[in-house]
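FYI, it's all coordinate maths here, none of it is from the lab. The model shown is predicted, which means the values in this text are computed figures rather than measured ones. Don't worry about glycine lacking a Cβ; one is built from the backbone with ideal geometry, like all the others, and counts go over all protein chains shown.
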Amino acid sequence: MDRTKSDNMHSVAIEHLVGGVNSPVRAFKSVHGNPIYFDKASGAHVTDIDGNVLVDFVQSWGPLIHGHSHPEIIGAVHEKMLNGTSFGAPHLGEIELAKKVKNRFKHMDKVRFVSSGTEAVMSAVRLARGYTGRDLLVKFEGCYHGHVDSLMVSSGSGLATFGIASSPGIPNDTVATTLICPLDDIEAVEFLFREHGDEIAAIIIEPLPANNGLLIQRSEFLSRLRSLCDDHDSLLIFDEVISGFRFKHGSYSDICGVTPDITALGKVIGGGLPVGAYGARDEIMQKLSPLGPVYQAGTLSGNPLAMAAGAKTLDLLDEQAYDYLEELGAFMEERVGSVLEKHGYPMRLVRMESLFWFSPGDADPAIRADHIPKDAGSLYADVHRELLDRGYMLAPSAYEIGFLSTSHDESHILGFVEALDDSLSNLDWS
Ligand SMILES: *Cc1c(COP(=O)(O)O)cnc(C)c1O
């Protein structure tokens, strides 16, 4: 597959944009080659500037649950756009999307819209701290919550500890407000609560961790987090920026049977436009300005185009859409599983409805970050390159998950499985 124009464009891009990109995951640093410059996209396909057509399993990293340029979503945005792109004032679209969100997230009495997942999480954390009057947060190694200062913290060497900044530029005082635990380790969380229980504002977790592999948690673990929070008057924040609206039977909290206090959303609720949201019961949301003292604002918050894209996206997510995604996911899981097995390639496909991940190694898939085999990156990079050359695009990192959309069908999966079979035959890996 010829990517000369993309490669040339990359040498132009690096003159003007840092590393040629506006978000580091796009840089292809952990796989071979340069980023690919897109020209257009429709349904399951993207077309790059060399004219190559690729089947896309990245789907803008999650928002596009109906694929690229869905005509009804584009139509809804277009119609709104003719009336203005931003009001900076209330409008009906905000109420409409808030109702749809509440319909799905029953524990939310009120919703606040923002413009990204990062902003949603950052604001949820401020609200939790403002509500409890406490500073400390508990977060889990391997969960990503956007590039929020107090959440860009990882464990150093110790187990349940204060963490270390995962980027320069984060003040030590900020890092010192975040306690880090491994996923699936209830003793570690209990220890933190014994030591600091009356200073902990909130536990924040992706209930379905999906930014460092797909690490499906035991529901007993999540429910123990709930009871620890209850015992210490701390809040439980679920970051459902990826998992929100991915499941037929409600939110991930419905699936695991654990109700959080505050939920952060993003990705799917914007249907491909920049939207984030957070919500909770009234007692908590009333602390937020203009009703309460906790300040949070946004020039483009509740933007009419974004609200319209989100509302149409959620409308299209009826029961049939979810059934379809589950069927397609099961089909993919079975076919991909048998190809991996046939070649004895040390990878497993982990899947939950329309989300999937190539888990490295032959053992049972990891459910905590430090149990993911260390050679994950190299195993994946070769497969990624081979698949790309055959027209199938997965995320350019072993730790990122894949996304199915309602625009994918069995032919895309069969093509992918054939390309995978061919790729593995071509790789000299054992
Ligand atoms: C993507 C993501 C974020 C950050 O959202 P942005 O829109 O990229 O700022 C936060 N939390 C989770 C779980 C995410 O998947």
Please report, ordered by residue number, every helix of the chain (full DSSP H runs) that is 27 Å or longer along its axis going by C-alpha atoms and whose mean Kyte-Doolittle hydropathy reaches -1.0. 319-343
Using the structure shown, select from Lys99/Lys267; Lys110/Lys248; Lys29/Lys374 the pairs with a Cα to Cα distance greater than 20 angstrom. Lys110/Lys248
What number in nm² do you get for the chain if you take the convex hull of its Cα atoms and divide its surface by four? 20.5 nm²
Mind checking which aspartates and glutamates have their Cα closer than 13 Å to the Cα of Lys40? Skip sequence neighbours fewer than 8 apart in that chain. Asp48, Asp50, Asp56
Using the basic label-point model (7 angstrom from Cα toward the beta carbon), what is the Ser227 to Val25 distance in nanometres? 3.4 nm
Take every DSSP beta bridge with both residues inside the chain and express the antiparallel ones as a percent of the total, to the nearest 5. 60 percent
Taking amide H atoms as placed 1.01 Å from N in the peptide plane, list the residues 5 or more away in sequence, or in a different chain, whose amide H sits under 5 Å from that of Asp39. Thr47, Asp48, Ile49
